1. Quick one: would you say A:Ala274 is more than 9 Å from chain B (Cβ to nearest Cβ) and more than 26 Å from the chain's Cα centre (by Cα)?
2. Mind listing whichever residues of segment A:241-263 are among the polar types (S, T, N, Q), more than 8 Å from chain B (Cβ to nearest Cβ) and under 21 Å from B:Pro138 (Cβ atoms)?
3. Since B:Pro306 meets every condition but one in (1) within 29 Å of the chain's Cα centre (by Cα); (2) part of a helix (DSSP H, G or I), which condition does it not meet?
4. Any idea which residue in segment B:253-285 is nearest to A:Lys229 (Cα to Cα), counting only those that are among the aliphatic types (A, V, I, L, M), within 12 Å of chain A (Cβ to nearest Cβ) and assigned to a loop (DSSP other than H, G, I, E, B)?
5. Hey, can you tell me all the residues within segment A:125-137 that are without any contact (Cβ under 8 Å) to a residue 12 or more places away in the chain and of a type outside the set (Gly, Ala, Ser)?
6. Would you mind telling me which numbered condition in (1) surrounded by fewer than 23 Cβ atoms within 10 Å (Cβ to Cβ); (2) of a type in the set (S, T, N, Q); (3) modelled with pLDDT under 90 B:Ser54 fails?
7. Would you check if there is a residue in segment B:70-90 being closer than 20 Å to B:Met144 by Cα, in a helix (DSSP H, G or I) and either of a type outside the set (D, E, K, R) or within 19 Å of the chain's Cα centre (by Cα) (or both)?
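The values are calculated or read from the model by the stated rules, or taken from the named source; none is laboratory data. The structure displayed is predicted, hence computed values, not measured ones. FYI the Cβ positions are ideal-geometry reconstructions off the backbone, even for glycines, and counts take in every protein chain you see.
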Amino acid sequence: MKINTAQKVFSTVSLTAATLFGMSTAHAETIKIAYIDAVTGPFAPLIKNSTNTLQMYVERANKEHWAGDNTFELIVLDGKASPQESLQQLKIASDQGVRYIIHQVGSGVALALVDAINKFNDRNPGKEIVYFNGASIAPALTNSKCSFWHFRFDGNTDMKMDGITNTLAKDKNIKNVYIIGQNYAHGQEFSKAAKEMLAAKRPDIKIVGDDLHPIGTVKDFSPYIAKIKASGADTVLTGNWGQDLVLLVKAAKDAGLKTNFYTFYAYFDGTPTALGADAADRVKMVTNWTNNAETDAANTELIKTYKARYGQDFEFLSNEGIIGMLSKAIKQTKSTDTIKVAYALEGMKFNGLSGEIEMRKADHQIQEPMYIVTWTKVNGTTVKNDSEGTGYGWRTDLKIPLADSVQPTTCQMVRPAQ
Amino acid sequence: MEFVLITLLNGLSYGLLLFMMSSGLTLIFSMMGVLNFAHASFYMLGAYLAYAISSQFGFWPALVFAPLLVGLAGMLVERYALRQVQKYGHISQLLFTFGLSYVMLELVQLTWGRVAVPYLIPAGLNGALFTLYSTDFPIYKAFMMAVALTMLGSIYLLLTYTRIGLIIQAALTHPDMVEALGHNVPRVFMLVFGGGCALAGLAGVVGGNAFVTEPGMAATVGSIIFVVIVVGGMGSLAGSFFASLLIGILVTYAVALDYSLASLLGKIGLIVTPSTPGFAVLNLTIASSAQILPYVLLILVLIFRPKGLMGKREG
């Protein structure tokens with residue numbers, strides 16, 4: 001077959017153009033993110049809230065091109081709050097080519113995931129997976145078990161405990177503290193940190209009880225309430241969350257227990273309703289955000305639209321950090337390669353709903369401002385928004401700036417070649 | 001003193017709830033020799049139906065109609081499914097009820113979702129009944145105890161003083177003779193199965209709003225009620241009554257006991273530190289293992305007295 005000159009010229013020109021095009025424009029990719037969490041089980045309403053939040057931010061990121069030309073696709077997988085189930089879902093995700101995993105609750109699951117991802121990344125160079133941890137606060141994850149592939153987007157137990165014990169220490173009326181928690185990594189670390197920090201800040205306070213109960217299974221906390229009463233405690237310090245806190249508060253209300261409650265997670269779904277009017281001014285919390293924390297336009301708009309669209313209160317601030325900072329890293333590096341993105345995330349600063357936050361390079365722990373808040377009646381000035389339609393909400397007593405919430409780390413991070 | 005009394009009351013109310021759940025299972029087993037693995041699922045169904053009825057009509061109609069509906073469901077299951085499987089033997093019936101429990105779980109999740117539903121205690125029953133020293137005892141717990149005791153009394157009267165009760169008692173040990181006398185024994189079985197499921201449904205109506213009504217509730221109680229009937233003795237209603245009270249009180253008091261093997265060793269002078277081998281086990285307190293004590297009791301009973309406290313039939 002004879003190819004004439006015109007055809008030769010045409011094919012050369014078009015081939016060159018195609019090659020140049022292929023080299024100059026970045027691929028507009030669909031980046032798959034897998035969210036593995038306890039979709040079914042006792043913590044389902046919390047995870048539903050978290051899933052809604054993630055979907056909202058993924059939609060926003062895609063619409064407003066937070067990650068340049070790339071779009072995100074969110075896949076939700078049920079880890080059932082069990083390490084074995086979650087590892088199975090991790091395998092399913094990695095088989096589908098997912099390189100970014102998000103997970104919120106359950107330090108036991110988080111520790112298992114970090115371990116599995118470290119091993120997977122060792123054995124599969126070029127296919128590394130990055131894990132974004134939104135709510136598992138066991139300190140080990142950014143200290144002795146820190147990993148280059150793990151990024152934590154919520155203040156860890158030491159940071160939160162420091163904030164809440166400072167407030168507790170200032171109250172001279174508190175003499176007897178009862179610590180109660182869920183019997184797994186988080187509850188155990190909580191108890192240890194509480195005892196250490198209270199001993200340092202107020203050695204005169206007596207720890208009259210230190211209980212660990214099985215997570216998510218106790219339906220009737222009245223025996224524990226009876227024990228708390230018998231111990232003479234005036235304050236209960238607990239890291240309980242979800243159903244375990246709802247039922248604890250409910251049992252306390254039923255038995256007429258009127259102690260203070262110092263908590264980490266009293267704003268998660270179900271607890272504000274259980275607190276109600278009865279617990280006014282007795283419950284304090286350390287948190288990274290409430291719906292009365294900031295009054296700028298971004299906060300006000302989000303609170304309104306989230307409640308209108310999903311019927312739940314916005315709670316999972318860490319999801320804003322996760323999607324926001326991941327997008328920024330992808331845009332910055334013009335790449336979706338996980339090693340490049342991970343290096344870009346180290347030391348990255350980001351402007352979120354609570355102000356500026358920073359992902360510390362040394363241990364991949366987010367540094368963020370925190371708030372000490374008290375549960376009290378809505379009054380239109382210090383407490384504008386209520387929680388779950390109860391007429392009561394969180395009043396900010398103190399904003400702890402980022403610089404003051406920093407805690408030291410023992411992490412010796414091993415980094416891959418760039 | 002306050003602690004002992006309040007814990008006793010809490011233990012009794014928990015034990016009576018367990019009895020409500022397990023009495024139906026005992027009846028079905030003593031009557032038909034079928035171990036109904038789906039019994040906890042009927043408990044869950046009762047709670048969800050009560051939620052559905054009470055959100056339209058209020059709690060009291062739900063208290064009456066939800067157990068009846070669950071009983072009806074039980075009768076249908078017996079008549080059209082269990083009876084067909086009966087000719088293949090007891091193991092097949094057991095496997096059938098096991099599969100039924102999964103099917104019921106999925107049906108409940110399809111109808112009401114995977115998240116807990118807000119089935120709440122009615123306003124009239126909220127609040128404290130009395131204050132003992134300084135602890136309030138909730139009205140609703142007293143209500144649960146009253147329902148359980150009324151139920152026990154009614155079953156006892158039904159079985160001993162009514163005609164149908166006498167037929168049921170006779171069919172328990174001599175089904176062929178009873179059939180020869182002209183009674184419809186299969187229909188009696190259907191009524192007993194339905195009745196047992198209705199009892200589980202009633203337990204669900206009163207228990208579902210005190211504890212959380214969620215798809216996982218069947219799995220949480222499923223194993224405990226089997227412990228109750230084994231410890232009490234298969235086939236003995238009185239045995240399951242005492243066993244449920246025993247387990248209820250045991251679990252509730254155990255929470256208060258902070259003793260562990262480590263503290264015991266400490267008393268005789270052997271100090272246990274985190275670096276001692278086996279520290280994790282030695283440091284386990286009775287309080288943190290309170291929830292597994294029923295299963296420890298189950299193992300002990302099976303080893304030392306397999307027929308249970310008051311058992312009439314060997315497993």
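1. No: the conditions fail for A:Ala274.
2. A:Thr259
3. Failed condition: (2).
4. Ranking the qualifying residues of segment B:253-285, first place goes to B:Ala256.
5. A:Pro125 - this is the single residue of segment A:125-137 that is without any contact (Cβ under 8 Å) to a residue 12 or more places away in the chain and of a type outside the set (Gly, Ala, Ser).
6. Just one mismatch for B:Ser54, condition (3).
7. yes
Here's the yes/no breakdown for (1) among the aliphatic types (A, V, I, L, M); (2) crowded, with 22+ Cβ neighbours inside 10 Å; (3) modelled with pLDDT under 90; (4) assigned to a helix (DSSP H, G or I):
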| residue | (1), (2), (3), (4) |
| --- | --- |
| B:Phe137 | no, no, yes, no |
| B:Ser154 | no, no, no, yes |
| B:Gln169 | no, no, yes, yes |
| B:Phe193 | no, yes, no, yes |
| B:Leu199 | yes, yes, no, yes |
| B:Ala219 | yes, no, yes, yes |
| B:Val228 | yes, yes, no, yes |
